[in-house]
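To keep things clear, I will list the structure first and then write my remarks on it.
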Amino acid sequence: MGDGLLAFGDEPAGVSQYLSANSQTLTALLSVNAFVKAKPDRAERGVRCNEHPSSVLIDPTADTARPLADALAYRWSPRAFADRSVSPEDLRTVLEAGRWAASSGNSQPWRYVVARREDADAFAALLACLNEGNQRWAKDAPVLMLAFARRTNDAGKKIFYAHHDLGAASAQMAVQAASMGMQVHQMAGVLKDKMVETVGAPDDMEPMTALVLGWPGEPDTLPEDLEARERAPRTRLPFDAVFFSGTWGEAVGE
Ligand SMILES: Cc1cc2nc3c(=O)[nH]c(=O)nc-3n(C[C@H](O)[C@H](O)[C@H](O)COP(=O)(O)O)c2cc1C
């Protein structure tokens with residue numbers, strides 16, 4: 001692949017260093033914080049997407065049972081993205097969040113191949129690795145990534161938790177992106193053989209998922225069926241269906 005593909009971040013970026021270097025992102029961060037802290041009763045539904053105050057009404061903030069860290073509450077998986085570039089610096093910051101994920105034995109089995117939309121050839125090549133349903137909306141995102149999990153360690157032993165750890169790295173990127181006013185949308189709808197072929201991934205790398213990264217956009221830019229899904233309420237299983245105290249089925253107390 002050409003220059004359009006970026007390697008995974010290799011430069012630590014401290015928060016203060018990052019913020020002082022990027023006042024636009026500071027503004028985005030503050031607006032995310034203000035947006036989440038001022039989260040209205042969802043019945044009011046009176047808040048517009050924070051990145052698009054004049055845009056279509058949407059309140060994606062999670063209706064959490066307990067107060068969460070702002071970026072966790074604000075994170076969601078949009079399909080509509082604004083026509084706004086993600087700078088190389090912001091991209092590297094999001095990648096850096098993935099680099100610092102925890103992993104089994106610190107094996108760090110995640111690998112990502114990244115293309116910005118500005119790098120049209122690389123972006124088109126990566127886009128062709130998504131299934132048709134995902135291509136419909138992912139084509140308008142400013143950054144696309146293909147994610148791979150390493151199968152074996154340096155000693156040739158299977159890395160049993162590679163899938164788990166790749167998920168952790170992607171989740172960290174998603175939360176970092178949300179903290180900056182952006183969003184990540186992960187996808188399992190990929191063409192795995194094509195992923196390997198397109199980027200020349202080594203045999204030891206298992207093609208897994210794709211991710212887009214960008215600034216959330218207006219739902220009414222989507223085809224009608226996708227717009228409806230974008231506006232649908234976000235739901236989760238009940239707390240007591242997934243967390244148990246001591247023994248299976250026992251509710252965790254208040
Ligand atoms: C591993 C993984 C695979 C996913 N695959 C797709 C996909 O192929 N297409 C899609 O539109 N969304 C996909 N999603 C997004 C989920 O549908 C979404 O995370 C879920 O509905 C919860 O919504 P939320 O992220 O907004 O909270 C995927 C998410 C994950 C974590």
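A short reminder: the numbers here are calculations on the coordinates, not readings from a lab. Since the model is a prediction, treat every value here as computed from it, not as a measurement. So basically every Cβ, Gly included, is an ideal-geometry build from the backbone, and we count neighbours across all protein chains shown.
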By how many nm would the segment from Glu118 to Lys157 lengthen if fully extended, with 0.36 nm per residue of separation less the alpha-carbon distance?
-> 10.1 nm
Virtual paramagnetic centre 7 Å along Cα→Cβ of Ala102, amide N under 20 Å, in region 158-197 | 159-177
With a Cα-only, solvent-free Debye model of region 176-254, what are the log10 I(q)/I(0) values at q = 0.21, 0.22 Å⁻¹?
-> -1.00, -1.02
Quick one: if the Förster radius is 22 Å, what FRET efficiency do Ala69 and Leu226 give, using the C-beta to C-beta distance and rounding to 0.05?
-> 0.15
Extension gain Ala188-His164, at 0.36 nm per residue separation less the Cα-Cα distance, in nm?
-> 7.2 nm
